[in-house]
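*Asks:* Please find one structure pasted underneath; my questions will follow.
The values are calculated or read from the model by the stated rules, or taken from the named source; none is laboratory data. No experiment lies behind these values; they were computed from the predicted model shown. Positions of Cβ are generated from backbone atoms using ideal geometry, with glycine treated the same way; all protein chains shown enter the neighbour counts. Accessible surface areas use protein heavy atoms only, side chains included; no ligands, DNA or RNA. Shrake-Rupley method; radii C 1.70, N 1.55, O 1.52, S 1.80 Å.
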Amino acid sequence: MGTRRQIAEAGEHSAPGFRVHVETGRGRGSLTTVLLVPADPPDALAKGLSLLHRPEDSLDLDSRLGRLAAVADGTAFLVGLGDNVWVLPSERFRIRRVRGDEVEALDEPQVVTIRPGDRIEAVDGEEVVGAVSMPVEATPAAGPPTPRRWSAPPRRVAAPVAALALVVVAGAFALRAREELPAREDAWVAPPALEERVVGLLTQVVGQDAGRASIDEPSP
């Protein structure tokens, strides 16, 4: 939720014989001001502003505003800070608070609480010279939902699929390893006697097969 902010504005009435100074505070702790100072003496507005913005007295606002009221006869002001507005009416300028359809006269120097929707006006006859208001905070319109960052959980592979993948990977590694191995050279040689015996048995078997084939074949 944002900080509520007061707004100062000048009315359309020029208030002849007076100088109207309007200032909306821009920073935290700055003042919102409608200052009405007689044009004579000429330095009255400068003195009033020096009191209003004197840094060494920044914590003593009541004292500064009291001295500001005595700058020139007929001075009036609205000075807002936070939720409070210091009010100083004069013989020339009346001050009133407008809240909805209600209008309340503020005929004495005082500090009033300002709420959202309130408007405190300095009036010259029937003309508004300046005002301090606090607008009602607008409800933010509902926009599209803010996209949320989402991380997918780790995927779990079914047991048969995982086993098959493991076999395939293991086979691939084994095949690659076999291809990379050098040709194997046997260090064992069969003894000559055994070699002769094996050759003889093979010859005998081949001869028997050849004789059987010649007997089984029909005569031409």
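*Asks:* Here are some conditions: (1) part of a strand (DSSP E or B); (2) among the charged types (D, E, K, R); (3) at pLDDT below 90. Arg64 meets all but one. Which one does it not meet?
*Replies:* Every condition holds for Arg64 apart from (1).
*Asks:* Let me ask another. Return yes when Ala39 is loosely packed, with under 12 Cβ neighbours inside 10 Å, hydrophobic (A, V, I, L, M, F, W, C) and free of Cβ contacts under 8 Å to residues at least 24 places away in the same chain and no when it is not.
*Replies:* No.
*Asks:* Looking at Ser58 and the list (1) modelled with pLDDT under 90; (2) open to solvent by less than 50 Å² (accessible area, probe 1.4 Å), which single condition is not satisfied?
*Replies:* Every listed condition holds for Ser58 apart from (2).
*Asks:* Mind counting the residues in segment 34-49 that are out of contact with any strand residue (DSSP E or B) (no Cβ under 6 Å at 6 or more places or on another chain) and among the hydrophobic types (A, V, I, L, M, F, W, C)?
*Replies:* 2
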